[in-house]
Amino acid sequence: MKSVVQKSLLALTLAGSLLGLGACVPVPLLLGGAVTGGVLVASDRRTSGTVLEDNTIQLKASNRIDDALGERVHINANSYNRQILLTGEVPSEQDKQLAEKVVSGVENARGVVNELAVLGNSTFTQRSNDSLVTSRVKANLVDAKDLFANSFKVVTERGTVYLMGRVTQREANRATEVVTGTTGVQRLVRIMEIISEDELARMAQQPPDAKK
């Protein structure tokens, strides 16, 4: 997997068990260090401005992909804290690299994580199953009382769950347990910015617009 980021990403492989299936779920971890601020509530840890910016980045990235690659590909572009995640399928390695190139130039985007697969486009049934898995994961994160579910962004593609967010190492590890124990999850990739517990505590003392 190739990415273009200003901050270094550390790739690790962790073991995860899919409860009830007795299978090992590979859990790559992509970490980008970050200093954060904001209110510690069950809400998004980005500023309202960053959330709006992410929505704009996603729209621009999708439009650029449509213009460059058209309907021959199935690509989803998601942005969290200005980092773009590309998932889906393309017919060739050249198309995969082209997609990364066109979205890396989107204004205010700070990096691209390219998880595109060189495969035929997924079927309607596969995409429906992915939507169901996403719903299950979100529900399980909400049920985990020691996590703030809205601190995570969940994307599912062909049974692989991509988890984005600004969280502590403890939260990342706990979320891994929750997600890998969710029915239908075949693999988990964590794309997170890890903050310290001290930073998390300071978030509770700051007003919403103090995040950085």
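No lab work stands behind these numbers, since they all come straight from the coordinates. Predicted model, so just to flag it, every value in this text is computed and none were measured. Glycine also receives a Cβ, built like all others from the backbone with ideal geometry; neighbour counts cover every protein chain displayed.
Show me the ranking of peptides 167-176, 72-81 by mean Cβ neighbours inside 10 Å, starting with the highest.
72-81, 167-176
I'd like the distance between the alpha-carbon centres of the range 43-100 and the range 176-202, rounded to an integer number of Å.
The range 43-100 and the range 176-202 have Cα centres spaced 21 Å from each other.
Any aspartates and glutamates with Cα under 14 Å of the K60 Cα? List them, leaving off those in the same chain fewer than 8 positions away.
The qualifying aspartates and glutamates are E100, E107.
Less than 11 Å Cβ to Cβ from V189, Lys/Arg counted +1 and Asp/Glu -1: what total charge do the surrounding residues give?
0
What order, most packed first, do the peptides 46-59, 122-135, 180-193 have when packing is the mean number of other Cβ atoms within 10 Å of each residue?
Peptide ranking by packing, descending: 180-193, 46-59, 122-135.
Which aspartates and glutamates have a Cα lying under 17 Å from the Cα of K96, excluding residues fewer than 8 positions away in the same chain?
D66, D67, E71, E115, E157
Would you calculate the separation in nanometres between label points at T56 and A117, each defined as 7 Å from the Cα along the Cα-to-beta-carbon direction?
Once both label points are built, they end up 3.4 nm from each other.
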